[in-house]
Amino acid sequence: MGEKTHKDSPENPFEPFIESLRQQVEDQDPVILIGVIVALAVVVITCVFLKYFLTSKTVQSAILLVGLCDSGKTLLFIRLLSGKFKRTQTSITDSSAPYRAKNERSSSWTLIDLPGHDSLRFQYLEKFKSSARAIVFVVDSAIFQKEVRDVAEFLYMLLTDTVISRNAPTLLVACNKQDITMAKSAKLIQHQLEKELNTLRVTRSAALSAQDGSVGGSVYLGKKGKDFEFSQLPMRVEFLECSARSSSKGEEGEADIESLEKSLAKL
Amino acid sequence: MLDFFTIFSKGGIVLWCFQGAGVTESFTGPVNALIRSVILQERGGNNSFTHEALSLKYKLDNEFELIFVVGFQKILTLTYVDKFIDDVQLHFRDRYKNELEQKGTLKLLNSTFAFEDAFSELLKLAEESSKARSPVPMRSFKESEKSQKTVKSMIETKGGDKGKEQGGKKSKNTKKEGECCLLRVVVRMFGSLLHSVANVLQLLKSPKPQKPKEKQKRVWDNAGSSDKNLDYSDKNGAGSGDGEKNLEAQFDPRVQINSMKGDLLSVDYDSSENGEEEEEEEEEEEEVGGGFGGMFGMLKGLVGSKSLSRDDMEPVLEKMRDHLIAKNVAADIASQLCDSVAKKLEGKVMGTFTTVASTVKQALQDSLVQILQPKRRVDILRDVMEAQSQRRPFVITFCGVNGVGKSTNLAKISYWLIENGFSVLIAACDTFRAGAVEQLRTHQRRLNSLHPPEKHGGRPVVQLYEKGYGKDAAGIAMEAIAYARNQAFDVVLVDTAGRMQDNAPLMTALAKLIAVNMPDLVLFVGEALVGNEAVDQLVKFNQALADHSMSDKPRLIDGIVLTKFDTIDDKVGAAISMTYITGQPIVFVGTGQTYNDLRSLNARAVVSALMKA
C-alpha cells in the first residue's frame, strides 16, 4: 500500500483532491445533483444561442431606393410593386414591401423606399445600409445638369461609407424621367458623375475634421493616381434608363421600367 | 370654398385627394413646401402655413402614419376648417381601419379609397354649421335683470347698504343724518337681513374675491418666525473672543492650506464625471422607490400597445424642455421643439417594453439630429473650384455682432484655403474699429511667412485690400472684388465691422454691402456662449437683409460660423438655436485662437452632448 501511494503521488498530485470530490459528490442527494447538471446545461445552451445570434451576419435581402428629393423614388416604388400610378408627395418616412421580380427563378426581396430629403436621408441610410443587397440610386435626368454636384456628393457619401464599401451591394443608377424631352442619357450621366467624383475625392479628403476629431468616410474611391471610373469600384455598377411616368398618355399607361426590372431579376 | 384636401401617408403615397371646383393648379407644390418647411424643420407647433396665395392647414395622424392637408385661399377666413379636419380624420380612420392597420404598404397601394361622398357630406355639415350661428338677439326689457328688482331695493340711502345681491360688503356705521328713527331702524334691519342672505348665497355660490378685512402681515416662505434670532447683542457682549474663534473654526475644514501653491491646475473633466455618477445613482434610487408603489401600473404601461396622449407626454416634455434650456438652448425654441415633438407623437402606438420617457427622448433626439443636418450641400472647396472654373472669385462675407470672433475666424479660414492651394484676398471692410486693418495685416504677414510665395508660384498667397478707416464699407468691398477678378484671386474674404442688431443705420449699411456686392456666401458669425440672444440677433439680421435688398429674392444668411466652441463644455444649445431659427447649416466651428482650430460640425456628437444628463 505504501509503495502504491508512493508510486501514485508523483504521477498524479491531484489524486487526493479528486478522491475527496468524488466522495462529496456521492454523498450528496441525487436530486440536487440532477438540478446542478440541468442548470449547467441551460447556461451552456444559452451561451451557444447568444453567440449564434450576436455574431450572425444580418441577412442582406433589401433593395434600397435612394436619391435626391423629387427624383421619383416613391413613384418607382409604386410602379415596381403594383404597376399603377398614384400621386405622390415628399416622403418623410420609409416604406417597405416584399418584391418579387417577374422572373420565376428570382428570390423575394424587400423593396425599401427611403426619403430623399437632405435632413432625413442619412438617418434612414444608417438604419438600412447593413441589410442592403442592392442600391437603386434614382437620378432626375431632366434637371441633372443643375444638380450634378448634389448628386455626386450623395453618391460619394454612399460609396465611401464603411459598411457599404465592405458589403459591396450592387449599385444600379436609374436615370429617371426619361419621358421628358430634355432628359440626359445614361452614358452622359455616367461620364459627368465620374468627372465630379474625381474632383470630390480631392476636396473631401481635405475637408475639416469634425470638432471631436473624427474624420468621416476614410475609404478612398477607386485607384490613386488614375482618374476615377466606376469600374474601379469593388461593387457592380450599372447605369440604366427608365421612366416612372409614361411618355405619351400622361398619368395612365405603362411606365418604362423594363430595364430596371431586368436588372433586379438578375440579382 | 376649399381649394383642395389631400390625405397621404408619411411614406409619400397619396391615398385620396379632392380638388375644389374651378381649381386648376396642382396642389403638389404647396403641399411639398408645407412638408419641407414645417414638418421637416420641426416647426409643427401651430398647424397652419401660408404659401403664396394659399393658406394650408394640416393634421398628423401618428397612429396610422397619415397626413391630412387642407388648402384654401389666404384671403378667406374659414372658421370651420379646424373642426372639419378633425371630423374628416376620425371618419376616415373609422371607415378604413382595416386597410390602414397593416404595416406594409402593399395594401395601401392596392385599395382604393372612395371617400368622396362621405367627404362632401362632412363638408356640407361644416359649412352649414358655420352659417347657422346667427347673431344673438338683444334682450327685451322684461328679460333683463333690472326689471326684476324692486324700486325700494334700488334706493340708495346714505349709511345704508345698496340692496344688490353681491359679495359681502361690510355695512358701514357711517354718519347718520337727521332722518326718522323708525325709517333708519327699518332700513338697518332690512340691510342686515339682506347682508345675511347675501353671505349665505355667497357660501353656496363660488366665492368672488373679497378684499381683505384688514391689512395682513405678509409671510415669506423662508422667513424666520420671530425677531429674537436676529438679536446678537448678548453673544457679542459676552463672548466676543469665543465667537470669533467659533467663526474661524467653522471655515477651517473647507479651506486647505497649501493647496494653491505652485502653478494653477488645468481644467480637467473628473469633477463632471463624478457629478454624473452621483446623478445616476440618485435617479436609480428614485426609480426603485417609486417602482414598488406603482408596480402594476408600470407593468401595464410597459407591456402591450398603448397609444400616447398629450397628458402622458406632458411631464416628460416638461423635463426635457428644462433640460434643453439648462443646456443653453433658447427658451422659445426649446418650447417650440417640444410642441413639435408632442405633435409628432400624439396618438402613436408604443411598442412593447418601451416607456413614454424613452419614446419621447428618442423622438426628441431624432428631431435634433434632423435640425442639425444641413438642408443643402455644404462643400466650400467644391464651390470655390466651380467659381475658379468660371474665372471669377468666390466671395465670402462675415457678419455678426461685436466681439464674436469674425477676424480671428477669417484668418483661420484663409489658412485652411491656402493649405488647399487657393489664393486669398482679404478685404478690410471694417473701417470703424481701431486696429482692425492692422489686425488683418498682421494675420496676412503671418500667413505669408507660413506659406512663403516661393513655394506657391512666386505670388503671395494672401493679400490684404484696405483703404484705411472711415470709408464706405460697400465701396471698398466692390473695389476689392474687382481687384480680385483682375488679379485672378480665387477667394475674397470680406471682414465687416461688428454691429448690434438693434442699430438700424448700421444694419442698413450691412444690407447695402450685401445687396450691392452679391457675395456667394453670407456667413453669420455667432459665439457658442450666446443664449436667448441668438434668436434676437439672427432674426433681426435676417430681417434687415430682407428689408433693404431691393430685389424680390433677397440674399439672406447662408451659413453660420459657431465660434468659441472650446469655451462651452457640453452646453451646446446655441448650435440648435441658430440652425433652428435660420434653417441654414453650421459651416464652420471655431475651437480656439490658433490657425488649426477650425472644425466642421458633427451633428450626432452635438446631439449626444445635448441629451447627456
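Classify region B:487-571 as rounded, prolate or oblate from the Cα gyration tensor: take a ≥ b ≥ c as the square roots of its eigenvalues, call it rounded if a/c is under 1.5, otherwise prolate when a/b beats b/c and oblate if not.
Details: a/c = 2.20, a/b = 1.32, b/c = 1.67.
Here region B:487-571 falls in the oblate category.
Apply the Karplus curve 6.51 cos²θ - 1.76 cosθ + 1.60, θ = phi - 60°, to the phi angles in region A:151-162 and return the couplings in whole Hz, x for Gly and Pro.
Here the 3J(HN,Hα) series is 4, 5, 5, 5, 5, 4, 4, 4, 6, 8, 5, 5 Hz.
Applying 1/(1 + (r/R0)^6) with R0 = 60 Å to the Cβ-Cβ distance of B:Met500 and B:Thr150, what FRET efficiency is obtained, to the nearest 0.05?
On the way: r = 68 Å, r/R0 = 1.13.
Efficiency computed from Cβ-Cβ geometry: 0.30.
How well do other chains shield peptide B:602-611, expressed as the mean number of their Cβ atoms within 10 Å of each residue Cβ? Intermediate results must be reported in sequence, preceding the final value.
On the way: counts 7, 4, 6, 5, 3, 0, 1, 1, 0, 0.
Going residue by residue through B:602-611 and averaging, the value is 3.
Once amide H atoms are built 1.01 Å from N in the peptide plane, which residues 5 or more positions from B:Glu527, or in another chain, come under 5 Å H to H?
Here B:Thr563 satisfy the definition.
Give, as a single signed number, the net charge of other residues whose beta carbon lies under 13 Å from the beta carbon of B:Met500, with Lys and Arg counted +1 and Asp and Glu -1. Working shown, then result.
On the way: positive: B:Arg499, B:Lys540; negative: B:Asp502, B:Glu533, B:Asp536.
Neighbour charge sum, excluding B:Met500 itself: -1.
What number do you get for region B:296-432 when its Cα radius of gyration is normalised by 2.2 N^0.38 Å, N = residues? Intermediate values should be presented prior to the final figure.
On the way: Rg = 23.6 Å, N = 137, 2.2 N^0.38 = 14.3 Å.
This ratio for region B:296-432 stands at 1.65.
Which whole-Hz couplings ³J(HN,Hα) result when phi for each residue of region B:603-610 is put into the Karplus expression 6.51 cos²θ - 1.76 cosθ + 1.60, θ = phi - 60°, listed in order with x for Gly and Pro?
These are the phi-based 3J(HN,Hα) values: 4, 5, 5, 5, 5, 5, 5, 6 Hz.
A plus B alone minus the pair: what accessible area, both sides summed, probe 1.4 Å, in Å² to 100? Please report the intermediate quantities before stating the final value.
Working: alone 17010 and 38010 Å², together 50850 Å².
Chains A and B together bury roughly 4200 Å² of accessible area.
What are the residues whose amide H is under 5 Å from the amide H of A:Ala142, where those residues sit 5 or more places off or on another chain and H is modelled from the backbone?
A:Lys184
Using modelled amide H (1.01 Å from N, peptide plane; none on Pro or chain starts), what sits under 5 Å from the amide H of B:Lys348, excluding residues fewer than 5 places away?
B:Leu308
The values are calculated or read from the model by the stated rules, or taken from the named source; none is laboratory data. If you're wondering where the values come from, they're calculated on a predicted model, not measured in any experiment. Positions of Cβ are generated from backbone atoms using ideal geometry, with glycine treated the same way; all protein chains shown enter the neighbour counts. Side chains are part of the model used for accessible areas, which takes the heavy atoms of the whole protein and leaves out ligands, DNA and RNA. Shrake-Rupley method; radii C 1.70, N 1.55, O 1.52, S 1.80 Å.
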